[in-house]
1. Of the residues that sit in segment 183-212 and are in a helix (DSSP H, G or I) and basic (Lys, Arg), which one is modelled with the lowest pLDDT?
2. Tell me, yes or no, whether segment 28-41 has at least one residue that is within 30 Å of VAL98 (Cβ to Cβ) and at pLDDT below 80.
3. Can you tell me which condition THR215 does not meet? The list is (1) farther than 27 Å from LYS183 by Cα; (2) modelled with pLDDT of 75 or more; (3) β-branched (Val, Ile, Thr), and all the others hold.
4. With respect to GLY180, is the statement that it is modelled with pLDDT of 75 or more, within 18 Å of LEU73 (Cβ to Cβ) and within 16 Å of the chain's Cα centre (by Cα) true?
5. Return yes or no: is ALA118 in a loop (DSSP other than H, G, I, E, B), within 18 Å of ILE175 (Cα to Cα), under 15 Å from the mean Cα position of the chain (by Cα) and at pLDDT 90 or above?
6. Any residue in segment 130-143 that's within 21 Å of LYS80 (Cα to Cα): show its pairings with residues that are at pLDDT below 90 and of a type in the set (A, V, I, L, M) at Cβ separation under 7 Å, as long as the two are six or more apart or on different chains.
7. Return the residues of segment 1-46 that are part of a loop (DSSP other than H, G, I, E, B), surrounded by 12 or more Cβ atoms within 10 Å (Cβ to Cβ) and not hydrophobic (A, V, I, L, M, F, W, C); say none if nothing qualifies.
8. Can you run down the residue pairs with Cβ atoms below 7 Å, 6 or more apart or on separate chains, where the first is in segment 190-209 and among the polar types (S, T, N, Q) and the partner is at pLDDT 85 or above?
Amino acid sequence: MPQLVQEIVLSAFKDYPLGAVNLQELIKRSYGVSIPHNTIHKILRGNGLAVSQDSKKRRRKWVRFERHKSNSLWQGDWTKLGDKWLVSFMDDASRVIVGYGLYSNATAENSAEVLEKAIEKYGKPKALLTGHDTQFVTTDEKKLGEQHAFQKALKKHGIKHILARVSHPQTCGKIERFFGEVKQRLHHFRDLDHFMYWYNEVKPHMSLKWDELETPAQAFRRKASKEIKASMEVKIRALESSRET
């Protein structure tokens, strides 16, 4: 294996800790050379940076759905991350992570807190898809939830709550795959905030405009309505003004 090829692959992986298929296109764009993904995978495995994933070899038996406009639908869920709990909300159309938080406990109050911060930054979604977990719905009153912090936040903003089918994880498949990526790649970054910035602003997403290496953040802006774009411009100007003072 030529030393230069190995150096290019390892250098690209340092900036984009991704799999061979993703790196193949990124290396072609960034370095101007074509390296087969099989060769890239072999180099990564030889350096302990990749393993075979049998799940990717199996044909999917379900069809993915997605919204076409930003803030049409968000997905939300919790996962265990080390000794903490991570809650995240993802925009379905762009895959951008609009909000996240790391807590000692997974609670409805923490879900509502992260949701409020996400709405403040990105605007509110028309609908939000979650599972039936108690962090999102009440045990006794799944439809009303008057005393439930997260349900109260949804009602406050007029957000439609869509519950995923029971025992059907594919319904929230996008955010589940995102959680898998967090757990697989977080050790390459200095902290969770650094990873989230990379995921939203740096890493191209294969489900978006891959030929343009589009990131989730770029897709969110592209798919946003005129109202969302205008609101984002106002927030950017306000942020720039606060930095100047």
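The values are calculated or read from the model by the stated rules, or taken from the named source; none is laboratory data. Quick caveat, the model's predicted, so the values are computed rather than measured. Cβ sites come from the backbone with ideal geometry, for glycine too, and all protein chains shown count toward neighbours.
1. ARG185
2. Kept after step one, since they are within 30 Å of VAL98 (Cβ to Cβ), are these residues of segment 28-41: 29-30.
Now narrow it down to the ones that are at pLDDT below 80: 29-30.
Yes.
3. Among (1) farther than 27 Å from LYS183 by Cα; (2) modelled with pLDDT of 75 or more; (3) β-branched (Val, Ile, Thr), the lone unmet condition for THR215 is (1).
4. Answer is no for this residue.
5. On the way: in a loop (DSSP other than H, G, I, E, B): no; within 18 Å of ILE175 (Cα to Cα): yes; under 15 Å from the mean Cα position of the chain (by Cα): yes; at pLDDT 90 or above: yes.
Criteria not met by ALA118.
6. Hits for this filter: THR130/ALA164; GLY131/ALA164; HIS132/VAL166.
7. At the first step, the residues of segment 1-46 found to be part of a loop (DSSP other than H, G, I, E, B) are 1-2, 16-19, 32-36.
Of the ones still in play, those that are also surrounded by 12 or more Cβ atoms within 10 Å (Cβ to Cβ) are 16-19, 35.
Correct list: TYR16, PRO17, GLY19.
8. Final answer for the pair search is ASN200/VAL96; ASN200/ILE97; ASN200/THR215; ASN200/PRO216; ASN200/ALA217; SER207/ARG95.
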